[in-house]
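Everything below concerns the one structure shown next.
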Amino acid sequence: MKLMNTHLHAISVIAEKTIKMDIVIEKKLLETIRPGQFVYIQIGSSSEHMLRRPISIADVDIEKELLTLVYKELGEGTRKLSQLKKGDPLNLLIPCGNGYRIDQLQLSHALLIGGGIGVPPLYYLAKKLVEKGIKVTTIIGFQSKEDVFFEEEFKGLGDCFVTTNDGSYGQQGYVTDSIEKEQPEFDNYFACGPNPMLKAIELKLTDKKGFLSLEERMGCGIGACYACVVPTKDEKGSKKICQDGPVFSAGEVKI
Amino acid sequence: MTLAINLPGLQLKNPIMPASGCFSFGREYSHFYDLSELGAIMIKAATEEKRLGNSTPRVAETKSGMLNAIGLQNPGVLKIIENELPFLGGYDLPVIANIAGSTVEEYENVAKALRQTDLIHAIELNISCPNVKEGGVQFGTVPEVAYEVTRRVKEQASVPVYVKLSPNAADIVAVAQAVESAGADGLTMINTLTGMTIDLHKRRPLLSNKVGGLSGPAIKPVAIRMIYDVYKAVNIPIIGMGGIMTTEDVLEFLMAGASAVAVGTANFQNPMICKELIDDLPTTLKQYGFESIEEAIGSAHR
């Protein structure tokens, strides 16, 4: 993990309050990044925002030396990030967390399940899986039509099904409804999204090996402050989401 | 210019150290710089048995500060002695062990357990944690209770005892005088102020513990005022803390009466902050006309 100063290369709105940022990062560092890892980004340079914001890595372009982040404007900190312009300075801790360790897995078909702002890290994961010759099916769920993003990108990598809670786009319902309907074939699943979604998936796909990426409010971002913990399944201990996670095997922690 | 300062049990190369709870046991920050550069380290609070802490969310950002309610999560004092202190023993670094408890007996037992290690140089007696249901802050707000727990921990401890004072006391000077008369070797101040923030969407307090401890630059003026008042009323040294971000902040704490300072929340925004402050402090001291640390201590009182 490195503490570094860099700058913004491009910024755009890709869905409702959903921002895509390209950040300049040197090739050598980009090559070390695993899908599912995140950056811990400083808001401004004053003392107003004392806590950085964890944002998952959506894509890596080693040739262009660019890192892509996608986040949702949910409060003052992320709103401030969105006001940045090309060339503005950024301070990052990068890369944070463990990520999806796909090199250690034997599989031929992966099911990727994303909910809302849990979708971005699955994109770089899908690219890396396809690179390894693994077939990818993606199910992504959003609140409503205007929240949908990355559908085309995922379709370029395999089958992609979209759900919306209000039915304004794709199938109406939750990602679990789509799993029910499509009955996709897969060896392992990889999920990222809100805790109720992860819990429902874990309960539904009990016969398959899966990996869940969790989110929590963080303090230090490096494992020192114990703010972002999650109890282990036996509730006898806990794991740190920023350091031991954000990716856990299904059944490892109590969501 | 030498930044060295000697305090009971502590020969500090410089007056900068990370505050307890913000730095764990140093491992994570050792990837950013050599921990031997620090004046000392205040390690995460130890209780007698392992504690799992509160539910999440445990932190929330507020303007120029943050609220935390970790709830003293730690593996218990014996595991800390076994697994954490040997790592710190590899550095040229005085270690200050923060101890907490729900009862006076628990405080005594933690202090007693720490007698079996020679890898700590002082104890920070945490009678001011606002985030646990029992113990913590209740020991730090009433002078008679603070006196009693200090006296009993002093009887058990084999190293100097610094008592961490709570800004939530009605009269912090009275608490400071009480623990001094109970034999405290020094004071550390201030712990966090109790606070709350409410989630507008969920219509309930954001932290799962509801109440948290406010830290960061937002509380610095409170810390300065309290150190200024306590410095006049006691004859034991003070390690100051509360929102330090810059070398000017450090100097302000020294002027108010602190002999050294601890940096907490700022480590989260900038993991390099302690090292940067140590490197830049001589320039700031010179800029304001000081030849040594000692000259600056309490200089706002003269």
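The values are calculated or read from the model by the stated rules, or taken from the named source; none is laboratory data. What you see is a predicted model, and the numbers here were worked out from it, not measured in a lab. Positions of Cβ are generated from backbone atoms using ideal geometry, with glycine treated the same way; all protein chains shown enter the neighbour counts. Note: areas computed on protein heavy atoms with side chains; ligands, DNA, RNA excluded. Shrake-Rupley method; radii C 1.70, N 1.55, O 1.52, S 1.80 Å.
Give me the pairs: first residue in segment A:176-195 and more than 22 Å from A:Gly36 (Cβ to Cβ), second residue among the β-branched types (Val, Ile, Thr) and surrounded by 15 or more Cβ atoms within 10 Å (Cβ to Cβ), beta-carbon distance under 7 Å, and six or more apart or on different chains, which are they?
A:Asp177/A:Thr163
Just give me the residues in segment A:192-233 being surrounded by fewer than 24 Cβ atoms within 10 Å (Cβ to Cβ), among the aliphatic types (A, V, I, L, M) and in contact with a Ser or Thr (Cβ under 7 Å, 6 or more places away or on another chain), in sequence order.
A:Ala200, A:Val230
Does segment B:233-247 include one or more residues that are under 28 Å from A:Val229 (Cβ atoms) and of a type in the set (Val, Ile, Thr)? Lay out the reasoning, then the answer.
Taking segment B:233-247 first, the residues under 28 Å from A:Val229 (Cβ atoms) are B:241-245.
Add one more test, that the residue is of a type in the set (Val, Ile, Thr), and what stays is B:244.
Yes.
To keep it simple, each residue is scored yes or no on (1) within 14 Å of chain B (Cβ to nearest Cβ); (2) assigned to a helix (DSSP H, G or I); (3) not small (Gly, Ala, Ser).
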| site | (1), (2), (3) |
| --- | --- |
| A:Thr138 | no, no, yes |
| A:Gly141 | no, no, no |
| A:Asp159 | no, no, yes |
| A:Asp166 | no, no, yes |
| A:Thr176 | no, yes, yes |
| A:Lys181 | no, yes, yes |
| A:Phe190 | no, no, yes |
| A:Glu215 | yes, no, yes |
| A:Gly221 | yes, no, no |
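Do we find a residue being within 14 Å of another protein chain (Cβ to nearest Cβ), touching a Phe, Trp or Tyr at 6+ places or on another chain (Cβ under 6 Å) and part of a strand (DSSP E or B) anywhere in segment A:10-28?
No, segment A:10-28 contains no residue that is within 14 Å of another protein chain (Cβ to nearest Cβ), touching a Phe, Trp or Tyr at 6+ places or on another chain (Cβ under 6 Å) and part of a strand (DSSP E or B).
So B:Asn191 clears everything in (1) touching a Lys or Arg at 6+ places or on another chain (Cβ under 9 Å); (2) over 27 Å from B:Ala218 (Cβ atoms); (3) open to solvent by 10 Å² or more (accessible area, probe 1.4 Å); (4) assigned to a loop (DSSP other than H, G, I, E, B) except one condition, right? Which one?
The number of the failed condition is (2).
Restricting attention to segment B:163-180, does a residue exist that is free of Cβ contacts under 8 Å to residues at least 60 places away in the same chain, at positive phi and in a loop (DSSP other than H, G, I, E, B)?
There is no residue in segment B:163-180 that is free of Cβ contacts under 8 Å to residues at least 60 places away in the same chain, at positive phi and in a loop (DSSP other than H, G, I, E, B).
So which residues in segment B:245-257 are open to solvent by less than 10 Å² (accessible area, probe 1.4 Å) and in contact with a Pro (Cβ under 8 Å, 6 or more places away or on another chain), if there are any at all?
The initial filter retains those residues of segment B:245-257 that are open to solvent by less than 10 Å² (accessible area, probe 1.4 Å), namely B:250-251, B:253-254, B:256-257.
Result: B:Val250, B:Leu254.
Specify which of the listed residues (B:Ala46, B:Ala60) is of a type in the set (Gly, Ala, Ser) and either at the interface with chain A (Cβ under 10 Å from one of its Cβ atoms) or farther than 16 Å from A:Cys225 by Cα (or both).
Answer to the check: B:Ala60.
May I ask you to list the residues in segment A:36-50 that are at negative phi, of a type outside the set (A, V, I, L, M), within 14 Å of chain B (Cβ to nearest Cβ) and in a loop (DSSP other than H, G, I, E, B)? Break it down into steps so the answer makes sense when it comes.
Kept after step one, since they are at negative phi, are these residues of segment A:36-50: A:37-43, A:45-50.
Adding the requirement that they be of a type outside the set (A, V, I, L, M) leaves A:37-38, A:40, A:42, A:45-49.
Narrowing the set further to residues that are within 14 Å of chain B (Cβ to nearest Cβ) leaves A:40, A:42, A:45-49.
Passing the criteria: A:Gln42, A:Ser45, A:Ser46, A:Ser47, A:Glu48, A:His49.
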